[in-house]
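Take this structure, written in structure tokens, and hold onto it; I'll ask about it next.
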Amino acid sequence: MIVAATLSFLLLIVVAYLVAAPFLASSETGEEVAARLTEERGRVLAQVRDLDMEFQTGKLDEDEYRAQRERRLGEVSSIDRAIEETLAEETSLDAEAEGPLADEAYDEATVEAEVSTNGHTQIPDSDEDLERVIEARKHTLEAHACPECGTAIDHDDVFCRKCGADLAAARPSRGA
């Protein structure tokens with residue numbers, strides 16, 4: 001009898017908590033929402049930079065790259081609008097106030113600038129720059145490729161994963 005009463009009391013407490021929790025939870029302020037959205041924007045921009053790198057290294061074909069990049073840049077634009085709306089509501093600004101996120105030229109130019117920087121290779125401006133980037137990338141890949149078949153290898157591989165060539169014999173000996 002005491003066990004049943006104790007379990008009933010515990011069940012009553014759990015149900016009361018589940019019913020009251022939404023009412024007791026504090027709501028986020030506009031600044032907190034904007035901070036959360038800004039973090040999300042940074043995460044999506046990092047995904048765009050990763051896509052750029054995967055495309056540059058040949059891991060993605062051009063159609064897939066362009067589709068995924070456009071989708072992610074659309075997400076950034078949506079997040080920018082949400083941040084702008086949140087801040088406008090928080091500060092009670094009228095809709096006509098000009099902010100950096102309201103300008104569409106800002107969206108595209110700033111997003112491109114943010115995507116192409118931050119430790120990643122900047123997108124070349126001219127064909128000559130692009131050729132230099134490609135040549136540098138080729139040299140990097142050749143330095144980490146099997147001398148027999150050209151497959152990419154890790155620096156600690158002993159044998160090629162594709163053709164089985166002995167990589168230790170092809171490398172200069174390392175001093176201890």
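No lab work stands behind these numbers, since they all come straight from the coordinates. Note that the structure is predicted; figures quoted are calculated from it, not measured. Don't worry about glycine lacking a Cβ; one is built from the backbone with ideal geometry, like all the others, and counts go over all protein chains shown.
Run through region 1-79 and list the GluC sites (Glu not before Pro) located in a DSSP loop whose Cβ has at most 13 other Cβ atoms within 10 Å.
Answer by residue number: GLU28.
Residue by residue, what Karplus-based ³J(HN,Hα) values in Hz, rounded to whole numbers, does region 54-62 have, using 6.51, -1.76 and 1.60 with θ = phi - 60° and x for Gly and Pro?
Here the 3J(HN,Hα) series is 5, 5, 5, 8, x, 7, 10, 7, 4 Hz.
Under 5 Å between amide H atoms, partner at least 5 residues away or on a different chain: which partners does PHE159 have, H built in plane at 1.01 Å?
LEU167
Under a 5 Å amide H to amide H cut-off, with H placed in plane at 1.01 Å, what residues pair with ALA145 once short-range neighbours are removed?
Placed amide hydrogens put ILE153 under 5 Å from ALA145.
By counting other Cβ atoms within 10 Å of each Cβ, how are TYR65, TYR17 ranked from fewest to most?
Ordered from fewest to most neighbouring Cβ atoms within 10 Å, TYR65, TYR17 come out as TYR17, TYR65.
Right, next: Enumerate the amide H contacts of LEU60 below 5 Å, restricted to partners 5 or more residues apart or on another chain; note that Pro and chain-start residues carry no placed amide H.
PHE55
Neighbour counts of other C-beta atoms within 10 Å: give me HIS144, HIS155 arranged from fewest to most.
Final ranking by Cβ density, sparse to dense: HIS155, HIS144.
Residue by residue through region 129-134, what is 3J(HN,Hα) from phi via Karplus (6.51 cos²θ - 1.76 cosθ + 1.60, θ = phi - 60°)? Round to whole Hz and write x for glycine and proline.
Values, residue by residue: 4, 4, 4, 5, 5, 5 Hz.
In what order do ILE2, ILE153, ILE13 fall by count of nearby beta-carbon atoms within 10 Å, going from fewest to most?
Ordered by Cβ neighbours within 10 Å, fewest first: ILE2, ILE13, ILE153.
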